[in-house]
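Structure record follows, encoded as structure tokens.
The values are calculated or read from the model by the stated rules, or taken from the named source; none is laboratory data. Because the structure is a prediction, the values reported are computed rather than measured. Methodologically, a virtual Cβ is constructed for each residue, glycine included, from the backbone with ideal geometry; neighbour enumeration extends over all protein chains shown.
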Amino acid sequence: MYLKFILSSILVIIVLDWYFFRSFRSIIKNYNKKLRLTITISYWVFTLFTVVFMFFVASYFVDKTAAPKIFRVYVMGLIFMIFISKMIGSLFIFAHDIKSLVLFVKKKLYPKVIPIHPNTITRKDFLKKAGVVAAAIPFGTLFFGMVKTAYDYTIKREKLSINNLPNAFKGLKIVQISDLHVGSFLTDEPLKKAIQLIDDQKPDIIFFTGDLVNDITEEALPFMDTLKKLSAPMGVYSILGNHDYGDYFYQKDDHEGKQHNYNLMKEVHQKLGWKLLLNEHVVLEKDNERLAVLGVENWGAGGRFPKYGDLDLAKNGLLSTDIKLLLSHDPSHWEAKILPEHSDIAATFSGHTHGMQFGIEIPNFKWSPSQYLYNQWAGLYTTNQQHLYVNRGLGFIGYPGRVGILPEITVFELA
């Protein structure tokens, strides 16, 4: 899947660079010939480097090995940042081209009516030059998010009111983390910082809601000793996310590779001391009262995400009177299945969206491109006394940073 994506991306990059260069050229046209030549060569050398690098990454998918992490995380991240910046700048070039086309048509239709003023070309050229400036703004913002806020862990606190919650579990403190994506960490120092923050909250129980890795389970192995330090008196409960199955790394028909990844993932969770819930449940008992924690495998409403989750299987054997807390990685599961078919699920804990790692969050207002893909994308949602909480994720993938939507540790108190 990634192989096709990389190869198609190479074509898009070449076309975009050619288109954006028209704007870039308008900036340097008054420079001396030698400087213009140097800048032009540098521009296209970077494009050539990008294409060669993309082929380099693609070869790793063919060989079924992971590319060196510094390349996968930061070089790919830099290419992504430049690509997004050029794409935004190209909007101005497109506006320039539309204006030029309109003027051309008018001149052809009404050659004696539409005068061409000396400053007309200047106004059009301004749009092309503005494209370069417009490209620099998102690049600067994304660069700041990479070097300053990628590991700016934020504690979110929520008081979660559950109908008919047994008295024994009132005041229960739950910490939720999600989307670690440890394949994006070059060292374990950021993870140590996050685990210390979690420990400082003194949780009774910890929920991890999927996406431990980026592509393959082997990414988690260097971080085992650090992740083992994640603990709580009532246990750590975990589920799998869409990235944990190896579906984006192994070919669709490579059942052996995927099975190896799946078996190793289960082994990793076991060695970490986390209870991995694979369409199953556990019942917590205190003072002769019960609280059920359910976990399902990934289930996404979108066609491109796997539907391995089976909530009926996870509920099998529970009492109708049990208060049920569900771990389900993809928040689209809530509207598609949980609300219409499982009114006995009191609260669902999800992740997956990352808030797209980009957006704005200020008191009484939040925005992210993620909201155009998901109805529930960050924070707490309640319908018919059923809750959904979408954690913004602790790690990152694709873009190696965070802008506005910070990495999150959520602390719940049940009431």
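Quick check on my filter: what residues within the range 131-147 are out of contact with any Lys or Arg (no Cβ under 7 Å at 6 or more places or on another chain) and in contact (Cβ under 8 Å) with a residue 60 or more places away in the chain? Once the filter is applied, which keeps residues that are out of contact with any Lys or Arg (no Cβ under 7 Å at 6 or more places or on another chain) and in contact (Cβ under 8 Å) with a residue 60 or more places away in the chain, the range 131-147 yields Gly131, Val132, Thr141, Leu142, Phe143, Phe144, Met146, Val147. Within the range 152-184, the set of residues being over 30 Å from Ile216 (Cα atoms) and not aliphatic (A, V, I, L, M) comprises Arg157, Glu158, Lys159, Ser161, Asn163, Asn164, Pro166, Asn167, Phe169, Lys170, Gly171, Lys173. Within the range 270-292, restricting attention to residues that are part of a strand (DSSP E or B) and in contact (Cβ under 8 Å) with a residue 60 or more places away in the chain, the residue that is nearest to His243 (Cα to Cα) is Trp274. Every condition in (1) of a type outside the set (Lys, Arg); (2) out of contact with any Ser or Thr (no Cβ under 7 Å at 6 or more places or on another chain); (3) modelled with pLDDT under 95 is met by Thr226 except one, and the failing one is (3).
All but one of (1) more than 30 Å from Phe5 (Cα to Cα); (2) exposed (fewer than 14 other Cβ atoms within 10 Å of the Cβ) hold for Thr187; which doesn't? Answer for Thr187: the failing condition is (1). Would you check if Phe365 is touching a residue at least 24 places away in the same chain (Cβ under 8 Å) and in the same structural domain as Lys252 (by TED's automatic domain parsing)? It is false that Phe365 is touching a residue at least 24 places away in the same chain (Cβ under 8 Å) and in the same structural domain as Lys252 (by TED's automatic domain parsing).
Is the range 288-300 home to any residue that is of a type in the set (Lys, Arg) and modelled with pLDDT under 95? Scanning the range 288-300 turns up no residue that is of a type in the set (Lys, Arg) and modelled with pLDDT under 95. Among the conditions (1) touching a strand residue (DSSP E or B) at 6+ places or on another chain (Cβ under 9 Å); (2) under 25 Å from Ile360 (Cβ atoms), the only one that Ile137 does not satisfy is (1).
If you check Gly257, Gly309, Gly303 for being surrounded by 15 or more Cβ atoms within 10 Å (Cβ to Cβ) and assigned to a loop (DSSP other than H, G, I, E, B), only one passes: Gly309.
Restricted to the range 140-176, and to residues that are of a type in the set (A, V, I, L, M) and assigned to a loop (DSSP other than H, G, I, E, B), which residue is farthest from Met76 (Cα to Cα)?
By that ranking, first place goes to Leu165.
So, Leu327, is that one closer than 19 Å to Leu172 by Cβ, modelled with pLDDT of 95 or more, crowded, with 21+ Cβ neighbours inside 10 Å and not assigned by TED's automatic domain parsing to the domain that holds Arg72 or not? Answer is yes for this residue.
For every residue, the table says whether it meets (1) in contact with a strand residue (DSSP E or B) (Cβ under 8 Å, 6 or more places away or on another chain); (2) part of a strand (DSSP E or B); (3) within 15 Å of Tyr237 (Cβ to Cβ).
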site: Leu319; (1), (2), (3): yes, no, no
site: Asp322; (1), (2), (3): yes, no, no
site: Leu325; (1), (2), (3): yes, yes, yes
site: Asp330; (1), (2), (3): yes, no, no
site: His333; (1), (2), (3): yes, no, no
site: Ala346; (1), (2), (3): yes, yes, no
site: Phe349; (1), (2), (3): yes, yes, yes
site: His352; (1), (2), (3): yes, no, no
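Restricting to the range 196-233, name every residue that is assigned to a helix (DSSP H, G or I), more than 19 Å from Gln176 (Cβ to Cβ) and in contact (Cβ under 8 Å) with a residue 60 or more places away in the chain. Answer for the range 196-233, where residues must be assigned to a helix (DSSP H, G or I), more than 19 Å from Gln176 (Cβ to Cβ) and in contact (Cβ under 8 Å) with a residue 60 or more places away in the chain: Glu218, Glu219.
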